[in-house]
Every structure is written in C-alpha cells, then in structure tokens.
Amino acid sequence: LGRARLGHATQSDVAYLNANSATEEPENALKLFAVNRPADELNEKKFLELVRNGAFPHSFHAIDTGPKPEKLEHCLAPKELWLCAGARVMCLRNIVPGQLVNGSTGTVIAVRPHHDVQKNTITGATIEVKFDGMLGTSPFTHTFRTYDPDMPDNERQKTYEFTVNENQKKVATR
C-alpha cells in the first residue's frame, strides 16, 4: 500500500490488490474520503433516503457549557446535527474502555425527545445506538442523553453531544 500511495505500485502490487479486492460493495461498506465534501454529499443523500422512507429527522445544535466555550469553534462536530433512526455513527473518543471506543460504529435505533409539558418545549433527547461490536465481541446497545439545562448537575457530566458522518461515521462526545 505504501508504494501505491506514493504512485510507485509494481505490477505485482496491482495484481495482489486486484486479487484481494471485493467485486461488489456491501450495503454497509465504510467509505473513506480524502476531503469532506464528497463525504458530506453522500451523507446527505443517505440521510434523505432514510427520511423519504419514513424516518423522522431530529435536529441538534452544538453547545459547550464548559469553562472554555471557544473550544467549540475548533471541534470536529458540526454546529447543527441531524439524526434519525437508521443513521450510521462512529465514536470519536473512548467512552467505555474496551467496548465503546474511538472508531466503534453503529446505527441509531431511536431518538426520543424529552418534552417539558409545562414549558411546551423539547429540552433534550435520549439517543439509542446499536453498535456493531468489535473483533470478538457481540453487537451491543448504548444509550446517550443530550444536554438538558434542567437536569441535575451530577447528570450533566454524563451527557453527550453528537455529530454524524455516515461514511467517516463519527459520534463526538463533549
């Protein structure tokens, strides 16, 4: 791969790559892009397919309640995130050592908004993701909770903010 990356692949390298390449792309194939634009375009296409097929879209806005909110400007996560059931996601950092780690991929199963009936508003959401499992582990489900300004202080430390890029598949935590 090193020679191919540099443009110096031999005939033997090319023959090896051709012999070990899939002839058909699986439905859930991970696609990697050198730049964000084609990934963003494919993500939007796939997300709109999910919505056209009946998935309800949910919008999340990035916030930072920490001591240095200016760090949000340099975050990989977009300022606005759209999620729905069926969206593919990936962890960008370790959450549960040895199980839910940077690079873990999964599918959003459900997005459940938290309704404040008295204020007639949505104050946050619970997002359930079924992760694919890693080598030697079975798939598992993990539930995330978005930031809710009315939640107790001890619960705020457990909240997560999300981003999704179905092909570079990421889920970012705060």
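The values are calculated or read from the model by the stated rules, or taken from the named source; none is laboratory data. These numbers come from a predicted model, not from an experiment. Neighbour counts run over all protein chains shown; Cβ positions are idealised from the backbone, glycine included. Accessible surface areas use protein heavy atoms only, side chains included; no ligands, DNA or RNA. Shrake-Rupley method; radii C 1.70, N 1.55, O 1.52, S 1.80 Å.
Structural remarks
- Asn18 being of a type in the set (S, T, N, Q), more than 20 Å from Thr146 (Cβ to Cβ) and without any contact (Cβ under 8 Å) to a residue 60 or more places away in the chain: yes
- Taking first residues from the range 73-101 that are among the acidic types (Asp, Glu) and partners that are surrounded by fewer than 20 Cβ atoms within 10 Å (Cβ to Cβ), the Cβ contacts under 6 Å between residues at least 6 apart in sequence or on separate chains come to Glu80/His61.
- Residue match in the range 84-100 (condition: over 19 Å from Arg145 (Cβ atoms), part of a helix (DSSP H, G or I) and open to solvent by less than 50 Å² (accessible area, probe 1.4 Å)): no
- Qualifying positions in the range 2-40 - among the charged types (D, E, K, R) and farther than 19 Å from Thr105 by Cβ: Arg3, Arg5, Asp13, Glu24, Arg37
- Of the residues in the range 58-77, none is over 25 Å from Gly124 (Cβ atoms), at pLDDT below 85 and out of contact with any Pro (no Cβ under 6 Å at 6 or more places or on another chain).
- Among the criteria (1) loosely packed, with under 14 Cβ neighbours inside 10 Å; (2) in a loop (DSSP other than H, G, I, E, B); (3) at pLDDT below 85, the one His115 does not fulfil is (2).
- Tally, over the range 5-46, of residues that are surrounded by fewer than 10 Cβ atoms within 10 Å (Cβ to Cβ), part of a helix (DSSP H, G or I) and among the aliphatic types (A, V, I, L, M): 1
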